[in-house]
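**Student:** I have a structure here, written as structure tokens, and I will follow up with some questions on it.
The values are calculated or read from the model by the stated rules, or taken from the named source; none is laboratory data. Since the structure is predicted, the reported quantities are computational estimates derived from the model, not experimental observations. Cβ coordinates were reconstructed from backbone atoms using ideal geometry, including for glycine residues, and neighbour counts include every protein chain displayed. What goes into the accessible areas is simple: the full protein's heavy atoms, side chains included, and nothing from ligands, DNA or RNA. Shrake-Rupley method; radii C 1.70, N 1.55, O 1.52, S 1.80 Å.
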Amino acid sequence: MGYRKRLADTVLEEKLETFGATLITGPKGCGKTTTAKQRAASIIEFQDEDNRENYLSVANTQPSRLLIGDNPRLFDEWQDAPKIWGAIRKSVDDRQETGLYILTGSTSQTVSTPHTGTLRISTMKMYPMSLYESGESNGTVSLRTLFDTPEQFEGCKSDLDIDGIIYAICRGGWPSTFNIKSEKSRLKVAKDFFEQTVNVDISNVDNIKRNPIWTENILKSYARNICTLAEDKTIYKDVRATTEISESTFFDYISALEKLFIIEDIDAWCPAIRSKTAIRASKKKNLIDPSIAVAAMHLKPEYFNTDFKTLGFLFESLCFRDLKVYSSVLDGRMSYYRDRYGLEADAVLHLGNGRYAIMEIKLGSSEIDDGAKHLLEIEKLIKKHNKEETQVPLRLPDLKIVITGTEYGYKRDDGVFVIPLACLKD
């Protein structure tokens, strides 16, 4: 099968036009090297056993010699030869050109470098594939177009039914799955990813031996609390029920899982529309891909036929994964809003130019009215704030969207857009 185009292709192109070198980060197996190879003019692969010893010998004695080649020059698994970082940094300084080098490598090993790459080596983050990249979203609704010309929205129809959504959640966005013919076998990729994380990568990330059982229990608790405001102490208490782990060790494991890009919590949006004590500022628990949570809980697609509550939280995680992919192309970022009065927006998409969309995520149609009500209440609260605080007015949301797992998308009479996730793209 040929290369599936990624939205990261656009981000990488922009990085190469702006900076001398680009480091691509992200979870293992998300397609970093494959994407980099599409743009590279020459490649050094440190994991190539036929040339590995020779490459490492040169990298340790005269790393600048490995820079000789057509640009952009890709260094895959660069962390195996950390001196290459300094050589690239100096080369970018000397040549004063853009698009010279690309670095990719395993997230299962942290490397300390004597110098940062600030203003020389820029970092871009890749995620597992979104539904649009995998072809499961028909992409009939562009977020960019919706921001620019919302009046032109004429509705949409999703091609992905609830069974397709469940399968996409369980399979995950791992590119390697699309080379596998059997749909049943595709589900094994996330399971293997989970097992490799708890048995191998958790210790390799910084060469500290860690307990696989403790790691598995932490990820199980994270999975059970995915897309909730569960506090760290709640996760720790849950893990302590079956594991003899100290609090300091627990947080060490959390840090390691963050370095592996497995755990990726969601920041709170804290606008000045309520008192600081009213707004929930803790992070929302999340994993980089919902398939990890499914694997951690040892579940299969058919399980969700009778547990829509758990499915709802996993669907929210799926939405965040996709929205983060789309927002990366839009120079945006994601957060959530919730206060102690029960007012919430499951997701807030902020663009770099100050525009933003508030979103509620509802798997089924029965919850759409409630989601729209929350979004309208937030807008009303901001309007009230602007009347009272004329010196520091807040921008009103540019879009109010309920993202669903339903078939049809439309604009409600109250101005709220209802859009199936499987219709979205950047």
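**Student:** Of the DSSP beta bridges with both residues in the chain, give the percent that are antiparallel, rounding to the nearest 5.
**Tutor:** Counting only bridges with both partners in the chain, antiparallel ones make up about 35 percent.
**Student:** Ok, one more. Please arrange SER275, SER365, SER317 by accessible surface area, largest first, computed with a 1.4 Å probe and ligands excluded. Don't skip to the end; give the middle numbers.
**Tutor:** Working: SER275 60, SER365 85, SER317 0 Å².
Putting SER275, SER365, SER317 in descending order of accessible area: SER365, SER275, SER317.
**Student:** Next question, about the same structure. What are the extents of the Cα atoms of the chain along their three principal axes, in Å, largest first?
**Tutor:** Here the Cα extents, ordered largest to smallest, are 67, 51, 46 Å.
**Student:** How high is the FRET efficiency from THR242 to ILE180, r the C-beta distance, R0 41 Å, rounded to 0.05?
**Tutor:** Numbers: r = 34 Å, r/R0 = 0.82.
With a Förster radius of 41 Å, E is 0.75.
**Student:** Can you show me the helix-derived [θ] at 222 nm for the chain, built from DSSP H runs with n ≥ 4 at -39,500 (n - 2.57) apiece and divided by the number of residues, rounded to the nearest 500. Can you show the working numbers first?
**Tutor:** Values: 14 runs with 161 residues, N = 426.
Rounded to the nearest 500, it is -11500 deg cm²/dmol.
**Student:** Moving to a separate point now. Under a no-solvent Debye model with one identical scatterer per Cα of the stretch 187-228, what's log10 I(q)/I(0) at q = 0.15, 0.19, 0.21, 0.35 Å⁻¹?
**Tutor:** Reported log10 I(q)/I(0), two decimals: -0.39, -0.60, -0.70, -1.09.
**Student:** May I pose another question? Return the sequence-ordered ³J(HN,Hα) values of the stretch 355-369 in whole Hz as given by the Karplus equation 6.51 cos²θ - 1.76 cosθ + 1.60 applied to θ = phi - 60°, using x for Gly and Pro.
**Tutor:** 6, 7, 10, 9, 9, 10, 10, 10, 5, x, 6, 5, 9, 5, 4
**Student:** Can you list residues whose amide H is under 5 Å from LYS28's amide H, if they're 5+ apart or on another chain and H is modeled 1.01 Å from N?
**Tutor:** THR107
**Student:** Also, I was wondering about something else. Given R₀ = 51 Å, FRET efficiency for GLU53-ASP369 by Cβ-Cβ distance, to 0.05?
**Tutor:** Taking R0 as 51 Å, the efficiency between GLU53 and ASP369 is 0.20.
**Student:** FRET efficiency for VAL392 and ASP148, Cβ-Cβ distance as r, R0 = 30 Å, nearest 0.05?
**Tutor:** Details: r = 27 Å, r/R0 = 0.90.
Rounded to the nearest 0.05, the efficiency is 0.65.
**Student:** May I ask you to derive the relative contact order of the stretch 1-83, considering only C-alpha pairs under 8 Å and at least 6 residues apart, and to give it as an integer percent?
**Tutor:** Numbers: 67 pairs, mean separation 23.9, N = 83.
Relative CO of the stretch 1-83 lands at 29 percent.
**Student:** Can you give the accessible area of GLU97 in Å² (nearest 10), computed on protein heavy atoms with a 1.4 Å probe?
**Tutor:** So the heavy atoms of GLU97 present about 90 Å² to solvent.
**Student:** Here is a further query. Determine the sum of side-chain charges near PHE147: Lys and Arg each +1, Asp and Glu each -1, restricted to other residues whose C-beta is under 9 angstrom from that of PHE147.
**Tutor:** Numbers: positive: ARG144, ARG355; negative: ASP148, ASP398.
After counting each charged neighbour, the total is 0.
**Student:** Let me ask something else. Just the number, please: Stokes-Einstein D of the stretch 293-376 in µm²/s, Kirkwood Rh from C-alpha pairs, 10 °C, 1.306 mPa s. List each step's numbers first, then the result.
**Tutor:** On the way: Rh = 14.3 Å.
Result for D is 111 µm²/s.
**Student:** Tally up the carbon and sulfur contribution to the accessible surface of the stretch 43-97 as a whole percent, 1.4 Å probe, everything protein left in place. The partial results should precede the final answer.
**Tutor:** Details: 1210 of 3030 Å².
Using a 1.4 Å probe with all protein chains present, the stretch 43-97 comes out at 40 percent carbon and sulfur.
**Student:** Here is a further query. Would you tell me the accessible area of VAL294, worked out with a 1.4 angstrom probe on the heavy atoms of the protein chains, in Å² to the nearest 10?
**Tutor:** 0 Å²
**Student:** In vacuo Debye scattering of the stretch 337-426, one point per C-alpha: log10 I(q)/I(0) at q = 0.12, 0.17, 0.22, 0.26 Å⁻¹?
**Tutor:** -0.37, -0.72, -1.12, -1.40
**Student:** Continuing with this model, one more query. What is the stretch 27-185 by shape, rounded, prolate or oblate, if you read a ≥ b ≥ c off the alpha carbon gyration tensor as root eigenvalues and call it rounded for a/c under 1.5, prolate for a/b larger than b/c, and oblate otherwise? Working shown, then result.
**Tutor:** Numbers: a/c = 3.08, a/b = 1.81, b/c = 1.70.
Prolate.
**Student:** Under the 0.36 nm per residue contour assumption, what length would be gained going from the current alpha-carbon distance of LYS28 and ASP192 to full extension? Walk me through the numbers before you get to the answer.
**Tutor:** Numbers: separation 164, 0.36 × 164 = 59.04 nm, distance 1.17 nm.
Extra length from LYS28 to ASP192 when fully extended: 57.9 nm.
**Student:** Accessible area per residue, 1.4 Å probe, Å², for the stretch 114-176: what's the number? Let's see the in-between values first.
**Tutor:** Working: 2750 Å² over 63 residues.
Per residue, the stretch 114-176 has 44 Å² of solvent-accessible surface.
**Student:** If DNA, RNA and ligands are ignored and the probe is 1.4 Å, what is the ranking of TYR341, TYR127 by accessible area, most exposed first? All intermediate terms of the calculation are to be shown ahead of the outcome.
**Tutor:** Numbers: TYR341 130, TYR127 35 Å².
Largest accessible area first, the residues go TYR341, TYR127.
**Student:** Keeping all protein chains in place, calculate the accessible area per residue for the stretch 260-388 (probe 1.4 angstrom), answer in Å².
**Tutor:** Accessible area per residue, the stretch 260-388: 41 Å².
**Student:** Determine how large the accessible area of ARG95 is when every protein chain is in place; take a 1.4 Å probe and give Å² rounded to the nearest 10.
**Tutor:** 90 Å²
**Student:** How big is the charge dipole of the chain about its Cα centre, in debye rounded to the nearest 20, if each Lys and Arg gets +1 on its Cβ and each Asp and Glu gets -1 on its Cβ?
**Tutor:** On the way: 58 positive and 62 negative charges, 116 e Å.
Computed about the Cα centre, the dipole is about 560 debye.
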